[in-house]
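Q: Starting off with a structure, shown below.
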Amino acid sequence: MSSSATSKKHAARRGKAKSLRRRMRRRSDHPRLSVFRSLTNISVQIIDDLKGHTLAAASSLEKDLRGEAEGKNKTDMATKVGEVLAERAKRAGVTKVAFDRGSYKYHGRIKALADAARNGGLEF
């Protein structure tokens with residue numbers, strides 16, 4: 001794959017995520033649950049776009065979660081991150097969120113994280 005093909009692919013992903021966020025802001029008054037997935041880790045945060053503040057966040061890079069990562073696969077870690085985020089969101093007083101999956105498909109780790117957050121008490 002040439003560098004121009006790669007840059008076109010990245011530009012398409014950024015455009016897809018930007019389009020999704022634009023639609024969400026237009027029709028949602030709830031904070032946004034934003035997901036970032038790298039090759040090995042996953043991070044989520046609940047963002048109040050009106051104020052520009054992060055209300056709650058969780059990541060598989062945190063020390064307390066890394067200790068629990070021994071022997072777990074990436075999907076199991078995503079589930080644990082979703083549970084931790086739901087707990088922190090409750091403490092912050094957030095119950096309803098708009099799910100921003102970015103340009104990622106609702107599949108695998110993204111789905112595991114969303115299901116765990118729902119089971120923890122968040123409403124999408």
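Q: Along the Cα→Cβ direction, 7 angstrom out, place labels at Thr40 and Asp115. What is the inter-label distance in nm?
A: The answer from the label model is 2.6 nm.
Q: Okay, next question. Scanning the chain for helices, which whole DSSP H stretches are 20 Å or more long along the axis (Cα) and average -1.0 or more by Kyte-Doolittle?
A: On the way: long enough: 3-27 (37 Å, -1.85); 74-92 (27 Å, -0.62).
Span-like helices here: 74-92.
Q: Net charge near Val84, counting Lys/Arg +1 and Asp/Glu -1 over other residues with Cβ under 9 Å of its Cβ? Let's see the in-between values first.
A: Details: positive: Lys80, Arg88; negative: Glu62, Asp64, Glu83, Glu87.
Surrounding charge for Val84 is -2.
Q: Shifting gears a bit: Rounded to the nearest 20 Debye, what is the dipole magnitude of the chain about its Cα centre when Lys and Arg each give +1 and Asp and Glu each give -1 at the C-beta? Don't skip to the answer; put the middle values down first.
A: Details: 29 positive and 13 negative charges, 182 e Å.
Approximately 880 debye in magnitude.
Q: With a/c under 1.5 counting as rounded, go ahead and sort region 3-119 into rounded, prolate or oblate using the C-alpha gyration tensor (a ≥ b ≥ c being the square roots of the eigenvalues; past the cut-off, prolate if a/b is larger than b/c, else oblate). Can you show the working numbers first?
A: Working: a/c = 2.06, a/b = 1.11, b/c = 1.85.
Taking the square roots of the gyration eigenvalues as a ≥ b ≥ c, region 3-119 is oblate.
Q: Obtain the nm distance between the two label points defined at Ser3 and Arg21 by a simple spin-label model: each point lies 7 Å from its Cα along the Cα-to-C-beta direction.
A: In this crude spin-label approximation the distance works out to 2.6 nm.
Q: Which order, highest average first, do 101-108, 44-51 follow once you tally other Cβ atoms within 10 Å for each residue and take the mean per peptide? If you can, show how the numbers build up before the last one.
A: Numbers: 101-108: 13.2, 44-51: 17.5.
Ranking, from highest mean packing down: 44-51, 101-108.
Read-outs: derived from the displayed coordinates by stated rules, not from any lab. It should be emphasised that the depicted structure is a prediction, and the values quoted were computed from it without experimental measurement. We place every Cβ from the backbone using ideal geometry, glycine too, and count neighbours over all the protein chains shown.
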